[in-house]
1. Stick to the Cα atoms of the range 252-397, pair each with every other, and give me the Kirkwood hydrodynamic radius in Å at one decimal.
2. Over all directions, how big on average is the projection of the convex hull of the alpha-carbon atoms in the range 359-466, in square nanometres?
3. So if we plug the beta-carbon distance of LEU383 and ASN288 into 1/(1 + (r/R0)^6) with R0 = 60 Å, what FRET efficiency do we get, rounded to 0.05?
4. With N set to the residue count of the range 323-365, report its C-alpha Rg divided by 2.2 N^0.38 Å to two decimal places.
5. To the nearest 10 degrees, how steep is helix 300-314 against the longest Cα principal axis of the chain, on a 0 to 90 scale?
6. Could you compute the FRET efficiency for ALA394 and GLN255, with r as their C-beta to C-beta distance and R0 at 41 Å, rounded to 0.05?
7. Within 10 Å of each candidate Cβ there may be at most 13 other Cβ atoms; applying that plus a DSSP loop requirement, which GluC sites (Glu not before Pro) in the range 393-439 survive?
8. What does the convex hull of the Cα atoms come to per residue for the range 394-455, in Å³?
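Every read-out reported here was derived from the displayed coordinates using simple, explicitly stated rules and does not represent laboratory data. Predicted model, so just to flag it, every value in this text is computed and none were measured. Cβ atoms come from the backbone with ideal geometry, glycine included; neighbour counts cover every protein chain shown.
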Amino acid sequence: MRLISAVSGVQIPAPPPVYFMIKDPLIIDYKNMLADSIGPKHGILLKEIGSLKKKASGILRKTSSERAKGKLPFLDLPYQDIKKIIGISEEISDSFDDLVVLGIGGSALGAIALLNALAHPYRNILPKGLRRRPRVFVYDNIDPDQFKGLLDVIDITRTAFNVVTKSGETAETLASFLIIRERLKKAIGAGWQEHIIATTGPQKGALRKIASDEGYMTLDIPSGVGGRFSVFTPVGLFPASVAGIDIEAILAGAQSMDKRCSQKKIEENPASMGAILHYIANTKKGKNISVMMPYSHALERVADWFCQLWAESLGKRVDLKGKVINTGQTPVKALGATDQHSQLQLYIEGPNDKTITFLRVERFTEEIEIPRDFEDLEKISYLGGHSLGELINAEQKATEIALTKAKRPNMRITIPEINPNTVGQLLFMLQVQTVIAGGLHNINPFDQPGVEEGKRLTYEFLITKG
Ligand code: PA5
């Protein structure tokens, strides 16, 4: 099939409705985003994709030239030297029972996503014999009851604290740090500093100064890498490594996806296609909400991580020329199959204002068979002999069909199995997709003036209140 580009009038090949990654295992199927599947009112026409090809190619070129000038360092993170991260994580694993990460937003979500995706789902409550390395907790709030609850379940004298803040000056993280620092001093006395690893910007910020004055171990968040693009820095990699996750394999997955996402041919570049489809759905079809729906507990927090990435990067008041546009697609997380019994009714019959991205796992690590029983009761006997993996994937397929019948645009990313390599691929692709979407919207995906305004007002409020 061919189509005519509305921009150039040049004939360009139509993007394949199903995107197969031949060498790499992720499979992206976006046919249910298209008008062919759900009609032209809600579905995307191939000519609409074609008309953005030139712009998307320009964004790719600009991205690659800025990368070459060292202006987009997050793209080079998959190739970094991780010896120091591994070295400190080994030291911490040998010396402590627990690691607590103190951070918020982009300084916590990457670690949460990796731990949730790649560690045992109940790792922290596994009996000691079954868990080789420290428990890892991520505390990303300032709720006093939750904080006290955390202190109740750890022994501070046997715990290391990873204080994570890029700016080194975020109120929530610094408040928790101050409390922990004081308690460590009291509980441990000499040598309390050995319990702290500061992950922060390489030069500036209060935490950097304190870390150097007081002699903490430090890990750098490279300059120019913003919080929501920092999952492949020590922000995500260090806690993952302490939990025994193979961070080298995560980066290998990201490297292979980097190659895919550098493809000049838009229809072979999954990040470009993802960005274009969401951009058209948002700006031409009124889809103001983007739901990410993993049918996998392990990927649930990847969806949370993505929500921050999509929201903070694309939710902007002004475009690159300073014109007020108040743009952005609201990201929402839904978990399959759980949220079929909560959100799905709305998605199928409520306002047609959403795109749904399914994350589907083809082969779960565990195959648990449902026993055959109650053969005389039809409403239960049909389950027998199937595995839980088959059931959850059948439910994903059924949801996809129901949404498509109701003309709701949806796409599916299939991950053959969850492992560090495939998770590295997925996270890398979603970051590049976000940057390209930012380019299509003509906004800066790397700033967050709204978040900074909130930080500034909190600071002023506390200063004036004394
Ligand atoms: O993505 C972002 O830039 C933000 O969510 C930050 O990560 C968050 O505000 C925390 O900032 P910092 O790492 O400076 O403490």
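1. Evaluated on the range 252-397, it is 18.0 Å.
2. Seen from a random direction, the Cα hull of the range 359-466 projects 13.5 nm² on average.
3. Given R0 = 60 Å and the Cβ-Cβ separation, E is 0.95.
4. Its radius of gyration relative to the 2.2 N^0.38 Å reference: 1.56.
5. Helix 300-314 sits roughly 80 degrees off the main axis of the chain.
6. My answer for the efficiency is 0.75.
7. GLU417
8. Cα-based convex hull of the range 394-455, divided per residue, equals 165 Å³.
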